[in-house]
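Colleague: For reference, the structure I am asking about is given below.
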Amino acid sequence: MPHQRCASCRRDALLATAIAVSSPLIALNLAVITTDPPVLALMLLALALAADPARAAIVRAASAGAVLGIACDMKSTAWLAVPVMAAMFASRDGVRAAGRFIAAAVLTGVVLIAALAPATLFRREAAAALVQNSVLFPLGLTHDKTPAESLLPGHLLAEMGTAGRVVSVGLLLAAGLAVAISLVIRPPRDLSAACWRLAIGLALMFLLGPDVRFGYFIYPLGLLGWLALNSGAPEAENQLPDARAYARLWKAGRAEAERE
């Protein structure tokens with residue numbers, strides 16, 4: 001919220017929180033205690049920090065990158081948000097802001113790994129286990145398979161045997177390449193475009209992945225729901241000469257509207 005002493009802002013924040021938590025999409029994941037809700041929350045927080053008009057571009061990039069780095073350490077699903085948000089920062093705030101964002105995300109991830117799992121940085125066996133658990137296992141390329149089952153296309157292909165699994169992984173890589181090309185050809189220039197691009201990329205990943213379940217769609221649907229709840233909020237823009245001055249003007253206009 002741009003200012004915390006506004007009763008209308010507090011009411012809007014509480015109402016949005018109540019709607020989000022009570023929706024079946026979020027409530028189901030909270031009831032079964034999965035790691036997805038906090039990872040999604042951190043991704044949304046990173047997007048919110050990236051859109052804050054009251055902060056300088058470099059500060060927005062660094063804070064958003066640090067928060068997203070925490071999400072990436074919690075679950076590899078969040079890594080897709082790094083190139084999407086980096087493309088948004090590059091097109092909206094400049095290459096320096098994008099570089100600051102990527103550096104903050106990577107540095108935060110490395111620091112947390114060094115603090116919580118230092119063996120992965122010094123022991124080959126630990127590093128191999130990290131790759132196996134965070135990369136190979138979600139792709140179904142390990143000896144032990146996930147018990148999760150669904151009727152999603154990628155999982156149905158994987159159930160056909162080795163050839164079907166290869167096709168599923170190939171389609172997943174092709175979808176990732178298509179998203180990467182779209183970020184180069186037509187990068188998102190604002191928060192709305194970044195949310196949509198990220199939601200589409202995650203939806204494709206879950207549809208085509210060999211070992212996925214319906215619960216993962218909390219990410220794309222949660223992103224779009226959050227975007228809808230914040231459709232009227234101000235957003236940082238690259239053409240603004242002074243973001244703080246814009247924020248002050250917006251606050252003054254909001255206060256005047258409330259008085260009327």
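Colleague: Starting from the Cα-Cα distance between T35 and R5, subtract it from 0.36 nm times their residue separation and give me the gain in nm to one decimal. It would help to have the intermediate numbers written out before the result.
Modeller: Numbers: separation 30, 0.36 × 30 = 10.80 nm, distance 3.26 nm.
7.5 nm is the gain from fully extending T35 to R5.
Colleague: According to a simple spin-label model (label point 7 Å from Cα along Cα-to-Cβ), what is the distance in nm between V21 and T162?
Modeller: Here the modelled spin labels are 5.1 nm apart.
Colleague: Which net charge results when you count Lys and Arg as +1 and Asp and Glu as -1 among the other residues whose beta-carbon is under 12 Å from that of P38? Write down the numbers at each step before the final one.
Modeller: Details: positive: K75; negative: D36, D73.
Summing Lys/Arg as +1 and Asp/Glu as -1 gives -1.
Colleague: Accessible area, 1.4 Å probe, largest first: how do W79, W196, W226 sort? Write down the numbers at each step before the final one.
Modeller: Details: W79 110, W196 130, W226 45 Å².
Solvent-accessible surface, decreasing: W196, W79, W226.
Colleague: Express the relative contact order of segment 27-164 as a whole percentage, based on alpha carbon pairs under 8 Å and six or more residues apart in sequence. Walk me through the numbers before you get to the answer.
Modeller: On the way: 132 pairs, mean separation 24.9, N = 138.
Dividing the mean separation by the residue count of segment 27-164 yields 18 percent.
Colleague: Now for a separate question. Leaving out ligands and nucleic acids, note down the accessible area per residue over segment 57-201 with a 1.4 angstrom probe, in whole Å².
Modeller: Working: 7820 Å² over 145 residues.
Per-residue value: 54 Å².
Colleague: Which percent of the accessible area of segment 48-144 is formed by carbon and sulfur heavy atoms (probe 1.4 angstrom)?
Modeller: Values: 3370 of 4790 Å².
About 70 percent, which is the carbon plus sulfur part of the accessible surface.
Colleague: Let me ask another. Zone of T142 (label point 7 Å along Cα→Cβ, backbone N under 16 Å): which residues in segment 190-215?
Modeller: Only 210-213 fall inside the zone, counting backbone N under 16 Å.
The values are calculated or read from the model by the stated rules, or taken from the named source; none is laboratory data. As the structure is a computational prediction, the values presented were derived from the model and not from experiment. Cβ: placed from backbone, ideal geometry, glycine included. Neighbour counts: every protein chain shown. Calculation scope for accessible area: heavy atoms of the full protein, side chains included, ligands and nucleic acids excluded. Shrake-Rupley method; radii C 1.70, N 1.55, O 1.52, S 1.80 Å.
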